Amino acid sequence: MSPESSPDLATAVRTALASAGLPDRDPAFERPRQREHGDWSTNVAMTLAKSVGKPPRQIADEVVAAMALPAGVAGVEVAGPGFINFRLAQDAFAGIVRAAVAAGQAWGRTDHGAGRRVNVEFVSANPTGPIHVGHGRQAALGDAIAGLLEATGAAVTREYYFNDAGVQMRKFGQSVTAAMAGEDPPEDGYHGAYITELADDLRRAGVEDNLQEAAYQRMLERITATLERFGVRFDVFFGERALHRSGALEEAVEHLRAAGHVYESEGAVWLATAALGDDKDRVLVKADGEPTYFAADCAYMIDKAARGFSDLVYVLGSDHHGYIGRMLAVAEASGVGREHVEIIIHQFVNLFRDQEAVRMSKRTGEIVTFDELIDEVGADAARYTLLRFSPDTTIDFDIAEVVRADKDNPVYYVQYSSARIAGIMRTATERGVEPGTVDEAPLHLLEHEAERELVRRIGRWPEVVTLAADERAPHRVARYAEDLAEGFHKFYTDCQVVSDDAELTRARYWLVVAARQTLANALGLLGVSAPERM
């Protein structure tokens, strides 16, 4: 039971406030850090102290004296300066196990975000080269954020935007054309070994015409294949040149002009973003009449809003930090509304092997591609490692540590827990255990502190999903999975699941089923598998 999943606890507090003649207040709950302080705590007495002119502890005593305990709560007490602490009854623990098993893959999912249509744009690397490890972090982060939003009921579209027009694409096409002719690429072109490989592919395929387009399509296919290896699939691929061809750029400029935010200076067309919080005004159309990438960004945001999305989420690398001010300014100038645009910035990834920096690719002699990293550590280990850190933290990714098969490796530890639980369930089947249904199971027998602690951690899962979704923080899910795995291993050490006690065996069997389902759901939101064997 939790305040989120059961309204009884919050209702009981508010009813007690009224009975004690105190002002109504929506109580906030948290889990006490020390278990002896109970399962839930509220500081509502401290929030009322100033307005009612009484010490918090006195208010807390009055609330407790007036309170009728709701179902599932065994006791309530006042602690410290005025905290009101609640202890769950045994039937509340049983209810958590039954809820987790009954909900299955839906356990933890809510309708918290129902009714929202969210566009999550991420990766969006130009199709001028293979994606690297930094793009991989963004792929994991964007996909997990989208998954969390879906888990709270939002309708989510995963979108990849690529620049398939302009100077960089011309340089890319010129570089491939030169390589096919056996010549060096232009000095300001692309020089990676992948350019030669791409030229060889096109030559073998007999491609002779429109080389830039053919090279671009091949590179986009390679990028897509890499992302699919990583378990990331997009609903929409949106190319910049579609905006040019449709006239959307010109329409966007006129839209912004009509809103009073466009002016002309030195022959160029400008958007007055400084007045809307940006650090300076931005050029929309250069003096030579060529629209800027920023103009395309404006048209693209307006296009997204026109497609009916209520919220636009951009996941960008730290080298795009300057985009925050200008994009929020566009949101305000265009009428999209800055409250509907969110820009999430992630930091870099540093690669190591046994604490030695890895900067060079074995295959190309240049930056390590994301395909090469997946080849070394696997998609699961790569995703989990890239997701267990907050986006604002730089990741030191040590390849040797990530592939190590021991309990100090978080991804191994969590996946091993999944496999161990599956092994327990197989053992129960082999020994003829007949668990019956979870509704029939004698879950009241789960009285050992290790059992109760495991149930508490299982019960936290719906809160974690909501919090991680609201904060756009998949790392909270990863850290929760590790916490749940730790709770399971403590339980496994202290409590034999399959024993001569048939009734206790049945109760513990369903507890491990609930634990595995919860762990599988957490890993699933991270895009990581929950193996049955390792």
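For GluC sites (Glu not before Pro), the sites in segment 162-264 that DSSP calls loop and that have at most 10 other Cβ atoms within 10 Å are 183, 187, 208. What you get for segment 9-88, charging only the Cβ of Lys and Arg (+1) and of Asp and Glu (-1), is a dipole of about 140 debye around the Cα centre. Taking Cα atoms only, the orientation of helix 474-494 departs from the longest principal axis of the chain by about 40 degrees.
In this simple spin-label approximation, residue 427 and residue 534 carry label points 7 Å from Cα along the Cα→Cβ vector, and these lie 1.6 nm apart. The residues packed around residue 381, meaning those with a beta-carbon under 12 Å from its beta-carbon, carry a net charge of -2 if Lys and Arg are +1 and Asp and Glu are -1. Partner lysines whose Cα lies under 18 Å from the Cα of residue 407, excluding those fewer than 8 positions away in the same chain, are identified as 490. The alpha-carbon of residue 286 sits under 20 angstrom from the alpha-carbons of these aspartates and glutamates, leaving out residues fewer than 8 places away in its chain: 164, 240, 250, 251, 254, 264, 266, 278, 297. Rounded to the nearest 10 degrees, the angle from helix 293-306 to the longest Cα principal axis of the chain is 50 degrees. Calculated accessible area for segment 390-447 comes out at 52 Å² per residue, all protein chains present (probe 1.4 Å; ligands, DNA, RNA ignored). Per residue, segment 304-363 exposes an accessible area of 51 Å² to a 1.4 Å probe, with every protein chain left in place.
Helical runs (DSSP H, four residues minimum) scored at -39500 (n - 2.57) apiece and divided by the length of the chain put the mean residue ellipticity at 222 nm at -15500 deg cm²/dmol. The stretch between residue 105 and residue 20 holds 26.3 nm of extra length on full extension. This uses 0.36 nm per residue minus the Cα-Cα distance.
With K and R counted +1 and D and E -1, the other residues having a Cβ less than 13 Å from that of residue 356 yield a net charge of -2. Counting only protein heavy atoms and a probe of 1.4 Å, the accessible surface of segment 409-534 is 46% carbon and sulfur.
Using only the alpha-carbon atoms, how far is helix 502-526 inclined from the longest principal axis of the chain? Give it as 0 to 90 degrees, nearest 10. It is inclined by approximately 20 degrees.
Just the protein heavy atoms count here, and of the accessible area of segment 9-88 at 1.4 Å, carbon and sulfur take up 51 percent. Simple point charges give the picture: +1 on the Cβ of Lys and Arg, -1 on the Cβ of Asp and Glu, and for the chain a dipole about the Cα centre of about 1100 debye.
With K and R counted +1 and D and E -1, the other residues having a Cβ less than 11 Å from that of residue 175 yield a net charge of -2. Of the solvent-accessible surface of segment 94-180, computed with a 1.4 Å probe over protein heavy atoms with every protein chain present, carbon and sulfur atoms account for 49 percent. What segment 9-88 shows is 49 Å² of accessible area per residue, with the surface traced by a 1.4 Å probe over protein heavy atoms.
The values are calculated or read from the model by the stated rules, or taken from the named source; none is laboratory data. Please read these numbers as outputs of a predicted model, since none were measured by experiment. Reconstructed Cβ throughout: ideal geometry from the backbone, glycine too, with neighbour counts over all protein chains shown. The accessibility values were calculated without ligands, DNA or RNA, using every heavy atom of the protein model including side chains. Shrake-Rupley method; radii C 1.70, N 1.55, O 1.52, S 1.80 Å.
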